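The next block holds one structure in the form of structure tokens; read it before the comments.
The values are calculated or read from the model by the stated rules, or taken from the named source; none is laboratory data. Computed from a predicted model, the values in this text were never measured in an experiment. Please note: Cβ atoms are built from the backbone with ideal geometry, for glycine as well, and neighbour counts cover all protein chains shown.
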Amino acid sequence: MDTRRRCLCENPPEDAVLHLCPSSAARSSAESRSTINQVDYGGVPTRAFLRERLPLLGWSAAAKVGLTRRRVAALTRRDALATEDRQRLELMRRDNDLARMPYRATEHWRRLNSQFDEWFHWEGIRDVELQRMNQFFASPLPTDPKVLRYAAWMLYRDIEKRDELGLLDRIPPTISEESGRTFRFDKRLVSWDLLISIDHLYTMHEADPNVLTAPVVFVELGAGWGRLAYALRLANPEVTYVICDLPEVLLVASRYLPRVLRNETFYGYEHARLIPRLTRDQFLASPGVWFLAPQHLERFDDKTADAFASVASFQEMTKEQVDSYFRVIDRKTRGIFYTLQLRSASTHGLHLGEIEALDEYPFRPHWQRAILRSPAWSDLYFETVFRISTEPRTRGRGRRRAAGRSADAEPPRKFNSAGQAIRQQ
Ligand SMILES: C[S@@+](CC[C@H](N)C(=O)[O-])C[C@H]1O[C@@H](n2cnc3c(N)ncnc32)[C@H](O)[C@@H]1O
């Protein structure tokens, strides 16, 4: 069989990132199709093809199609290692071969020689910290799963110091070890979602220990799959956890949480949406997890929530929207308000009129700030906790009473299609 024509997909080399297989490569993209077309199927791939593809394919893939290193080197650009360095390398290798143990390279390192030859040929010695050799030494690529493990370990160690309620022992991740997305540290199984959720909870605990220990009404706006609800229900079985979210994400949470929180009570959307008035007493008498839409917050009695939380949600809204939500939060909350958001809109780069930065957040002057900092795991976010008065606001009471409505019952604002408030006369 002519090895130059064989499709390596039938027998892919273990160390090849891609195969020299015209058919599979051609499927991958239009760009690669045009490159593959340059291959002379009757003989030798073109110089242009090799120059572009060989760094990805590796020497062994080239060898499988019958190309010797010398031939490849002749066909591609010159050795990136300076002649002087190449000579020095050969000299050092000869000397090392003659040395006794423990000075001689072990078998593993002798095998690595050809890997180094490849790296030197293609990359030479330039920005070493970025070069492929260093991915094996010190700096894994950002996409390497090791990077998440490093981050998880550091956050785990940080939480461990603050874990006065033993949450790391009491709350398992919702995913199994077989998923490959958990980490076992000190016999405890953790996931990234679990760690950041416990981190949020301890930040709230600093401002108000009741959140984790007492019967409280906890409202979350934009809960995602419900990771915080999951962690808090297991940390504090007396909590009534009310999730208010947009339809798609609310659907996910209402499907997933009952699967991972067995023997819990859930108040489904179909039931909850029909209740015209939602009181604090009613919530406290019904611990478990409630699913509601954001607009249902209007049906809550004032000062219903002992804690109101929202994570990574306002960062995707306009400043006017955030302002309106803050008005609702001010009215409906009697305890703490926790929020964690991106410091700058340039991080997500949506450019759809989102609130720009931390200093644009319309936090109310009468809220008492307890915490403002970056969370333990990222400088890109801020987390803050406010204490909001248990009493409804009374400013301008006389004037507004005369007008027949309470100080906080401002009419709902109108918005244009870009989500900006329309000024009303
Ligand atoms: C980036 S996700 C974060 C989810 C979750 N808090 C977490 O950290 O895992 C943003 C959340 O905000 C919610 N959200 C976005 N716009 C919203 C709006 N106008 N009203 C209520 N929730 C909204 C989304 O549905 C989603 O749950």
* Report yes if V322 is of a type in the set (V, I, T), within 16 Å of the ligand (Cβ to nearest atom), in the same structural domain as Y381 (by TED's automatic domain parsing) and under 25 Å from I388 (Cα atoms), otherwise no. => yes
* To do: Could you tell me which numbered condition T182 fails, if it satisfies all but one of (1) over 25 Å from R88 (Cα atoms); (2) in contact with a Lys or Arg (Cβ under 6 Å, 6 or more places away or on another chain); (3) free of Cβ contacts under 8 Å to residues at least 40 places away in the same chain?
  => (2)
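Residue by residue, here is whether (1) under 23 Å from F137 (Cα atoms); (2) modelled with pLDDT of 95 or more holds:
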| position | (1), (2) |
| --- | --- |
| G58 | yes, no |
| V65 | no, no |
| L75 | no, no |
| R78 | no, no |
| T83 | no, no |
| R88 | yes, yes |
| L98 | no, yes |
| H108 | yes, no |
* **Positions within region 242-255 being crowded, with 17+ Cβ neighbours inside 10 Å and away from the ligand (no atom under 12 Å from the Cβ), in sequence order** => V242, S254
* Residues located in region 195-222, provided they are closer than 20 Å to T333 by Cα, within 13 Å of the ligand (Cβ to nearest atom) and of a type in the set (G, A, S) -> G222
* Return yes when H271 is part of a helix (DSSP H, G or I), more than 13 Å from the ligand (Cβ to nearest atom), without any contact (Cβ under 8 Å) to a residue 60 or more places away in the chain and over 26 Å from the mean Cα position of the chain (by Cα) and no when it is not. => yes
* Structure fact -> Reported set for region 228-241 where residues are more than 12 Å from the ligand (Cβ to nearest atom) and either hydroxyl-bearing (S, T, Y) or in contact with a Lys or Arg (Cβ under 8 Å, 6 or more places away or on another chain) (or both) is L234, A235, V239, T240, Y241
* One residue from S254, S313 being touching a residue at least 60 places away in the same chain (Cβ under 8 Å), closer than 16 Å to A223 by Cβ and of a type in the set (S, T, Y) -> S313
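Residue by residue, here is whether (1) more than 13 Å from the ligand (Cβ to nearest atom); (2) assigned to a helix (DSSP H, G or I); (3) buried (at least 19 other Cβ atoms within 10 Å of the Cβ) holds:
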position	(1), (2), (3)
I275	yes, no, no
V289	yes, no, yes
L297	no, yes, yes
A307	yes, no, yes
I329	no, yes, yes
I336	yes, no, yes
* Output yes when any residue across region 125-135 is farther than 30 Å from K146 by Cβ and either modelled with pLDDT of 75 or more or part of a helix (DSSP H, G or I) (or both), and no when none is. => no
* To do: Sort through W192, W225 and tell me the only one that's among the aromatic types (F, W, Y), under 24 Å from Q295 (Cα atoms) and within 16 Å of the ligand (Cβ to nearest atom).
  => W225
* Please work out if R170 is surrounded by fewer than 17 Cβ atoms within 10 Å (Cβ to Cβ) and within 27 Å of T213 (Cβ to Cβ). => yes
